[in-house]
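To start, the structure itself, in structure tokens.
The values are calculated or read from the model by the stated rules, or taken from the named source; none is laboratory data. As the structure is a prediction and not an experimental result, all values here were calculated from the model. Here the Cβ positions follow ideal geometry from the backbone for every residue, glycine too, while neighbour counts run over all protein chains shown. What goes into the accessible areas is simple: the full protein's heavy atoms, side chains included, and nothing from ligands, DNA or RNA. Shrake-Rupley method; radii C 1.70, N 1.55, O 1.52, S 1.80 Å.
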Amino acid sequence: MATVKGDVHDIGKNIVGVVLGCNGYDIIDLGVMVPCEKILQTAKDEKVDIIGLSGLIMPSLDEMVYVASQMQEQGFHIPLLIGGATTSKAHTAVKIDPNYSNDAVIYVADASRAVDVATTLLSKEMKGQFVTKTRAEYQTVRERLANKQPKAAKLSYLEVVENGFKKDWENYLPPIPNQLGKQVLKNYPLDVLLNYFDWTPFFISWSLAGKFPKILDDEIVGESARELYDNAQTLLKDIIDNQRFDARAVFTLMQAKRTDTVTVTVYDNCGDGLGQATHEFYHLRQQSDKVTGKPNLSLADYISPHGNDYLGGFTVSIFGVEEMASEFKTKGDDYSAILAQSLGDRFAESFAEHLHKRIRKEFWGYQANENLTNDELIREKYVGIRPAPSYPSCPEHTEKGTLFDWLYTTQEIGTFVTESYAMYPPSSVSGFYYSLPESEYFNIGKISQDQLEHYAKLKGWDLATAKEWLNPHLGE
């Protein structure tokens, strides 16, 4: 989370703050993953005019609701701006707006609108009509969603377990990794990772929509895209030539077994057989009625129940990004600070892509002869998947803590997770490796009370805790 005065408070990488700062607003940036208490205390101390929240990961959604409720409870009477990749107008209308009625809650779709919105909210003449119009739109959204019928009826949890993915495990031999156990990589060559960059998300993070490289010639945003791309190339040269970033990774490949309908247990592989069980990963299962006859998937379905399968786990991180950004901020160059952070994210994603390729071809070796282009890698044409906690097929964040514990991530490379399970440094990616050819990415969607209760029992949680972590995925 970050804070800006513009007087705007912001959670996330503050591109909005850069835009506002370039238009005469006074910006305070607290960095990332700042707790609500510090955000609101800073707002009071600095007498800010607007507080803004921008979320890049799913836990941010619940945190925004909490901040809004605390603003109401503490008697704030200033506008609240909402933005970021994980947010939406619907979420703002349904979840956030009802918690803060002292002033306006405004969803800002992209950074380009921030100046107009801030100017309007700070204008005595324009604010009233704008707020009234926005609240009417939110009410329409709430009514529409309240009247909306579910796309598919929810089956009972027992029914979806029965309708899970089926595999003839008796006649399938999972590929044995070439190298079992944990490995650590540090100071990985940045020029190698540059070859795996996916530039399209980079431009999206700057609110420039379009697929790379076509975006560079786009009639509307082409000029801005080319200027941004040229600036990125200049900064990349500095980063690589002077080794400003340190790319680190820890990964492991260990024996695994499906020990429950949604549980995967990993083992230490000591001696004969499975060895000692070390960690358990708990997964959710799709619970909507599949009218097409397709199975209700869970990641656990992709691991054999016979104890002869394997699971991989990884964390990749780019160190030095926040330090470089801080240097720019000290000089008053917020633009370059955000550019450095954006490139840090690209390095992290490219490292995840590159390492997964090495896993398939070398360390696990189940696709030793793979020869895919970078474009094919981006389009996920490879065999096997690398889902991650907080992503659609594995949406429950606390599993990231178990993953980090399994990998000894913090001890090995220094990356850690916060109380909300965000990773630090922010330019990090973590997840699992599955080798099964039939494995695919999917979305868990909404779950019902019976699965919530089952999952809470697996995790050793009470229902209140389970609801807290799974709230975005609870059905009607």
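Taking every alpha carbon pair in the range 356-427, what does the distance histogram look like in 5 angstrom bins from 0, in percent?
4, 14, 18, 18, 17, 18, 10, 1, 0
Just the Cα atoms of the range 365-404: what Rg and Dmax do they give in Å?
So, for the range 365-404, Rg and Dmax equal 13.5, 36 Å respectively.
For the range 202-321, with every protein chain kept in place, what is the accessible area per residue (1.4 Å probe, Å²)? It would help to have the intermediate numbers written out before the result.
Values: 5160 Å² over 120 residues.
Per-residue value: 43 Å².
Mind listing the phi-derived Karplus ³J(HN,Hα) values for the range 449-454, rounded to whole Hz, using 6.51, -1.76 and 1.60 with θ = phi - 60°, and x for any glycine or proline?
Each residue of the range 449-454 in turn: 4, 5, 6, 4, 5, 5 Hz.
Any chance you could check the Cα centroid distance between the range 176-239 and the range 112-128 for me, in angstrom?
34
Based on the alpha carbons, how large is the Rg to Rh ratio for the range 257-323 when Rh follows Kirkwood?
On the way: Rg = 16.6 Å, Rh = 14.4 Å.
That ratio equals 1.15.
From the Cα trace of the range 339-476, what convex hull volume per residue do you get, rounded to a whole Å³?
148
Report, to two decimal places, the Cα Rg of the range 59-179 normalised by 2.2 N^0.38 Å (N = number of residues).
Scaled against compact globular proteins, the figure is 1.64.
Sorted from largest down, what three extents in whole angstroms do the Cα atoms of the range 191-236 have along their principal axes?
32, 18, 16
Sort Leu458, Leu403 by heavy-atom solvent-accessible area, probe 1.4 angstrom, most to least.
Values: Leu458 40, Leu403 0 Å².
Descending order: Leu458, Leu403.
Which one of Val321, Gln287, Ala340 is farthest out on the positive end of the charge dipole of the range 198-356, using unit charges on Cβ (Lys, Arg +1; Asp, Glu -1) and the Cα centre as origin?
The residue sitting most towards the positive pole is Gln287.
Let me spell out the model: positive unit charges on the Cβ of Lys and Arg, negative unit charges on the Cβ of Asp and Glu, origin at the Cα centre of the range 269-380. What dipole size does that give, in debye rounded to 20?
260
When the gyration tensor of the range 396-476 is built from Cα positions, what are the square roots of 5 times its three eigenvalues, in whole Å, from largest to smallest?
25, 18, 12
Work out, in µm²/s and without decimals, the Stokes-Einstein translational diffusion coefficient of the chain at 20 °C, 1.002 mPa s, Rh from Kirkwood over C-alpha pairs.
The calculation lands on 89 µm²/s.
Which one, Phe202, Leu299, Val67, is farthest towards the positive end of the dipole of the chain when Lys and Arg carry +1 and Asp and Glu -1 on their Cβ?
Leu299
The range 256-339: which trypsin sites (Lys or Arg not before Pro) are DSSP loop and have at most 13 other beta-carbon atoms within 10 angstrom?
Lys331
Work out the charge dipole of the chain with +1 on the Cβ of Lys and Arg and -1 on the Cβ of Asp and Glu about the Cα centre, then indicate which of Gly401, Pro35, Val184 is farthest towards its positive end.
Checking the options against the dipole of the chain, the answer is Gly401.
Dipole of the range 136-254, Cα-centred, from +1 at each Lys and Arg C-beta and -1 at each Asp and Glu C-beta, to the nearest 20 debye? Write out the running numbers ahead of the final one.
Values: 15 positive and 17 negative charges, 119 e Å.
Charge dipole of the range 136-254: 580 debye, to the nearest 20.
Diagonalise the Cα gyration tensor of the range 206-289 and give the resulting equivalent ellipsoid semi-axes, square root of 5 times each eigenvalue, largest first, whole Å.
The three semi-axes for the range 206-289 are 47, 24, 8 Å.
How are the C-alpha pair distances of the range 150-268 spread across 10 Å bins, as whole percents from the shortest bin up?
10, 21, 18, 21, 23, 7
Any chance you could get the radius of gyration and Dmax over the Cα atoms of the range 292-405, in Å?
18.2, 59
Carbon-plus-sulfur fraction of the accessible area of the chain, 1.4 Å probe, in percent?
About 49 percent, which is the carbon plus sulfur part of the accessible surface.
Is the range 111-215 best put as rounded, prolate or oblate by its Cα gyration tensor, with a ≥ b ≥ c the root eigenvalues, rounded for a/c under 1.5, and otherwise prolate when a/b is larger than b/c, oblate when not? Walk me through the numbers on the way to the answer.
Working: a/c = 3.57, a/b = 1.40, b/c = 2.55.
Verdict is oblate for the range 111-215.
Suppose every K and R has +1 on its Cβ and every D and E has -1 on its Cβ; what is the size of the dipole of the chain about the Cα centre, in Debye to the nearest 20?
740
In terms of modelled amide H atoms, which long-range or inter-chain residues lie less than 5 Å from the amide H of Val105?
Distant-sequence amide H within range of Val105: Leu80.
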